[in-house]
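Worksheet: one structure, shown below.
The values are calculated or read from the model by the stated rules, or taken from the named source; none is laboratory data. Since the structure is predicted, the reported quantities are computational estimates derived from the model, not experimental observations. Note: ideal-geometry Cβ built from the backbone for every residue, glycine included; neighbour counts use all protein chains shown.
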């Protein structure tokens, strides 16, 4: 099946027409994410991201709907109240960029026109750019500080910190990094920020500097086994049966690309989430522990990795100071 952007947009429109237009609680529906940038396909698979804005609190936050082995809908539900102060959205790295240029598929009022017009004014001002970056960097620094006081993060918390520092740099020049392309796109963002050396720092934080493509490829069967078992529990929509091929084909494509190390982040992040469901069998957990030992992401290794995280944050804070001085902030 040949997947095109027009085809994906039509699937999104058809879904909205049949499901959301008749719903009186739905204020607006937007197509967001990689389909808008025409770069959604990776390994021949993609998701269609829909944001559904509701009058009150939505019944649930997220829904995944399989359309085929290659395509699924990833639907997010949020209350209209979260967008009630558009000026504040300028400093929100997620909702701010979401409202910057989505494709409006349905609207029952002037919600979008009002929100976007206010948000776009001064969105690119250095003060707001820094606010979006600090929205990622500040919680990472706080978590690092707590670790120095004896509250060492577990692996899930540590990976959140890594994601935060990478995105703190990324949003200096654009939207936050997508999960599958996280390590693929980070080098360009680091280059745009004038900090290309942070690419190696990021890889070191994940234990990827010395990792070979053959090692990564050798982990795929165990990763797939863990993902498949965890998906059956229905505990985490990121680990959903409809998303197995979405990740698997992306991992294979990345491993065959000029930058195979880019497969490390989606593999590691989703594998960790599968473990967190608590449904894996003992041999699967032992394999996972062996992976962490190799990456030095075991408890002992994490304490060393936090030193690298501190360095990354220091460089970021120096960059913030530089921007502030340049624009007199």
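General observations
- Among the candidates 294, 261, residue that is under 22 Å from residue 197 (Cβ atoms), in the same structural domain as residue 214 (by TED's automatic domain parsing) and assigned to a helix (DSSP H, G or I): 261
- Scanning region 243-271 for residues that are touching a residue at least 60 places away in the same chain (Cβ under 8 Å) and out of contact with any helix residue (DSSP H, G or I) (no Cβ under 9 Å at 6 or more places or on another chain), we see that the one that is farthest from residue 185 (Cα to Cα) is 245.
- If you go through region 197-235 and keep only what is over 21 Å from the mean Cα position of the chain (by Cα) and either not assigned by TED's automatic domain parsing to the domain that holds residue 263 or not in a helix (DSSP H, G or I) (or both), you end up with 197, 209, 210, 211, 212, 232, 233.
- Subset of region 102-122 that is in contact with a strand residue (DSSP E or B) (Cβ under 9 Å, 6 or more places away or on another chain) and in a loop (DSSP other than H, G, I, E, B) - its residue that is surrounded by the most Cβ atoms within 10 Å (Cβ to Cβ): 102
- For residue 97, the conditions (1) closer than 22 Å to residue 237 by Cβ; (2) assigned by TED's automatic domain parsing to the domain that holds residue 184; (3) touching a residue at least 12 places away in the same chain (Cβ under 8 Å) all hold with the exception of (2).
- Single unsatisfied condition, residue 160 versus (1) surrounded by fewer than 21 Cβ atoms within 10 Å (Cβ to Cβ); (2) part of a helix (DSSP H, G or I); (3) more than 11 Å from the chain's Cα centre (by Cα): (3)
- Restricted to strands (runs of 3 or more DSSP E) entirely inside region 16-87, those with at least 1 residues that are touching a strand residue (DSSP E or B) at 6+ places or on another chain (Cβ under 9 Å) and under 23 Å from residue 113 (Cα atoms) are 26-32, 46-54, 71-79.
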